[in-house]
Each structure stands twice: as structure tokens, then as C-alpha cells.
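The values are calculated or read from the model by the stated rules, or taken from the named source; none is laboratory data. As the structure is a computational prediction, the values presented were derived from the model and not from experiment. Cβ placement follows ideal geometry from the backbone for every residue including glycine, while neighbour counts extend to all protein chains displayed. For accessibility, only protein heavy atoms count, side chains too; no ligands or nucleic acids. Shrake-Rupley method; radii C 1.70, N 1.55, O 1.52, S 1.80 Å.
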Amino acid sequence: IFTSEGFLNYHFNDKDKFYNDKILVIPNKLNKEIIKLNYNNKKSINIKKLRIAFVGGARFKSVLNFADVVAKNFPNHEIHFYGNPVDLVNSFQNLTQQYNNVFFHGPFRNPIDLPKIYENIDLLISTYDVEYDNIKYAEPNKLYESIYFEVPIIVTNGTFLSKKVNELKIGFSLDPLNDIEIVNLFNNISLELINEKIESCRKIPKNELIDDNTLFFSKLKFV
């Protein structure tokens, strides 16, 4: 059982057809309880004051650098962290002392608090470090949160996640350790471009984003 199609690509190639009957991919999709919660996706986006957020336990220097570059170069935009950092804690917390446009909101409840969080952000940060093989091939649940709540996602180049985001046209990919690439993204981003990404999210059926292990259990039963 793999939690990402990326892991499947890492371990097997097109010639390894045998795995079709022996392996299942069960991605980190959304808790089915999410469908019971109300979500307002009719928010207005102020392109001159974008709300950019990381949702989860921040730990990577790529996230830290991304937040630092945006906060420093674009004081009109806001960087929000939902959840406490789990690594580089002092460095992340120092951002709030350096910049007036960086905010930490503390722990949140998943999935209960997710609708409210995503109602208040315009872009989602998911720029993980590519120095770890696991990260290169992982398919984080942030991908499914981004699509479900129709919030374009920003990811790291050279990952399976970026390949998927580019194919679905639901976000942006860059090198989060390259300051110039980050600055270029926000110098060239437009409301029209963001709305195009949002529309791509809307085209994906919501039921495809929810955890459903029916196939897995039926296969176990069959065996």
C-alpha cells in the first residue's frame, strides 16, 4: 500500500506490470467528516494584499525562506501560519518579530477548523525540502485540501507533487530556496491567473478528494 502514486513510480517502472494486482495507492485524502462542514468559497481576493498560509507543523527551511522572502519584499501581503512549528522553531517565531505581516495562529482541529482557515487565505504554501527522497515522491494531504477548498497551492519544483499540480493546473511551482524565483512569482501574479487556478480546482469532483477505502477492504476480503 502506497500513500502516493509518486512512491509507485519510484519503486517500479512501466515494465513492472505485475504490481497492478498486488499494490494499491491510497493517498492522504480528506477526512469524510469534512463534507458535513459548511464552507464559503465566494470570498473576494485583493491582489494587492494576498493572504498566503502554511497549514500544519512547519519544519522545513524551504518554508522558512519562502515566508522570509515574501514578508520582506512584499510588506503588503500577509503570511499566516496555522499550527505550531515543529522544527526551526526559533527561526519561525522570529519572523513575527522581524515583520509586521507574519502571523501565527497556533494549533487547529482537523477537519473541524479547516473550512474557516481556508475561507481566510488566498494561496497555500506547500514548499517542502527536496533533499529528502520521501519528500520528492510524497503526495501530501495539502494537495487535496487545496483542491477541495479551491485555494491555489505553491509547491517545490522537481517533486511528484509539482508534477501533479502542473498537470491539474491548480497552483504554482518554484524553487523555494531561490529568492529571485519567489520575487518573480509575486511580481507577475495576477487576479486572473489565480482565478484560473481556482477554476481548475472547481472542475475536480469533491467526492474524488475524500477518503474512501472501500476498494482496499473489498480486496482484502477477496483475498
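Over region 20-70, average the accessible area per residue using a 1.4 Å probe and give it in Å², no decimals.
Numbers: 2780 Å² over 51 residues.
That works out to 54 Å² for each residue.
Expressed in nm², what is the orientationally averaged projection area of the convex hull enclosing the Cα positions of the chain?
Numbers: hull surface 52.3 nm².
Projected over every direction and averaged, the Cα hull of the chain covers 13.1 nm².
Which of Lys61/Lys203; Lys43/Lys206; Lys116/Lys203 have a Cα-Cα distance over 27 Å?
Working: Lys61/Lys203 33 Å; Lys43/Lys206 19 Å; Lys116/Lys203 22 Å.
In this structure, Lys61/Lys203 exceed 27 Å between Cα atoms.
What stretch of the chain, leaving out the sites themselves, is the longest with no chymotrypsin sites (Phe, Trp or Tyr not before Pro) in a DSSP loop having at most 16 other Cβ atoms within 10 Å? Spell out each step's value before the answer.
Values: sites that count: Phe12, Tyr39, Phe108, Tyr132.
Answer from the scan: 133-223.
What you get for the chain, charging only the Cβ of Lys and Arg (+1) and of Asp and Glu (-1), is a dipole of about 580 debye around the Cα centre. Each of Asn110, Tyr99, Leu177 was scored by the projection of its Cα onto the charge dipole of the chain, and the greatest displacement toward the positive side belongs to Asn110; charges sit on the C-beta of Lys, Arg, Asp and Glu. Annotation: per residue accessible area for region 118-223 equals 49 Å², rounded to a whole number [probe 1.4 Å, protein chains only]. Considering the chain as a Gaussian network with a 10 Å cut-off on Cα pairs, which listed residue, Lys116, Lys164, Lys197, attains the greatest mean-square fluctuation? Its mean-square fluctuation being the largest, the pick is Lys116. Using only C-alpha atoms and all pairs of different ones, pull out the Kirkwood radius for region 118-188 in Å with one decimal. With all distinct Cα pairs of region 118-188 included, I get 12.3 Å.
Only Cα pairs under 8 Å and 6+ residues apart enter the sum, and on that basis the relative contact order of the chain stands at 22 percent. Derived scalar couplings between HN and Hα for region 101-112 equal 10, 10, 9, 10, 10, x, x, 9, 9, 9, x, 4 Hz in order, rounded to whole Hz, by the Karplus curve 6.51 cos²θ - 1.76 cosθ + 1.60 (θ = phi - 60°), x for Gly and Pro.
Looking at the square roots a ≥ b ≥ c of the eigenvalues of the Cα gyration tensor of region 98-223, which shape do they give, rounded for a/c under 1.5, prolate if a/b is larger than b/c, or oblate?
prolate
Placing unit charges on each Cβ (+1 for Lys and Arg, -1 for Asp and Glu) gives the chain a dipole about its Cα centre, and among Leu88, Pro205, Ile1 the Cα reaching farthest toward its positive end belongs to Pro205. The amide H of Val25, built 1.01 Å from its N in the peptide plane, has Phe2 as neighbours under 5 Å, considering only residues 5 or more places off or on other chains. Close amide-amide hydrogen proximity is noted between Tyr128 and Thr156, each under 5 Å apart and 5 or more residues distant or on a separate chain (H modeled in the peptide plane; Pro and chain starts excluded).
Which length gain, in nm to one decimal place, applies between Phe103 and Asn76 when the Cα-Cα distance is subtracted from 0.36 nm times their residue separation?
Working: separation 27, 0.36 × 27 = 9.72 nm, distance 1.34 nm.
So the chain would gain 8.4 nm between Phe103 and Asn76.
When a 1.4 Å probe is rolled over the protein heavy atoms, the share of accessible surface on the chain that falls to carbon and sulfur comes to 49 percent. The overall shape of region 97-150, judged from the alpha-carbon gyration tensor, is oblate: a/c is not under 1.5, and a/b is no greater than b/c.
Karplus-based coupling profile of region 69-84, in residue order and whole Hz: 5, 5, 4, 6, 8, 10, x, 7, 8, 10, 10, 10, 10, 10, x, 8, with θ = phi - 60° in 6.51 cos²θ - 1.76 cosθ + 1.60 and x standing for Gly or Pro.
Per-residue extension of 0.36 nm, minus the Cα-Cα distance of Leu37 and Asn94, leaves a gain of 17.1 nm for this segment. Our coupling estimate for region 23-32, obtained by passing each phi through the Karplus curve with A = 6.51, B = -1.76, C = 1.60 and θ = phi - 60°, is 10, 10, 9, 10, x, 7, 7, 7, 4, 4 Hz, Gly and Pro reported as x.
Sorted by accessible area with a 1.4 angstrom probe, largest first, how do Val69, Val130 fall? Write out the running numbers ahead of the final one.
Working: Val69 0, Val130 55 Å².
Result, largest first: Val130, Val69.
With a simple spin-label model that places each label point 7 Å from the Cα along the Cα-to-Cβ direction, the separation between Ser190 and Arg202 comes to 1.9 nm.
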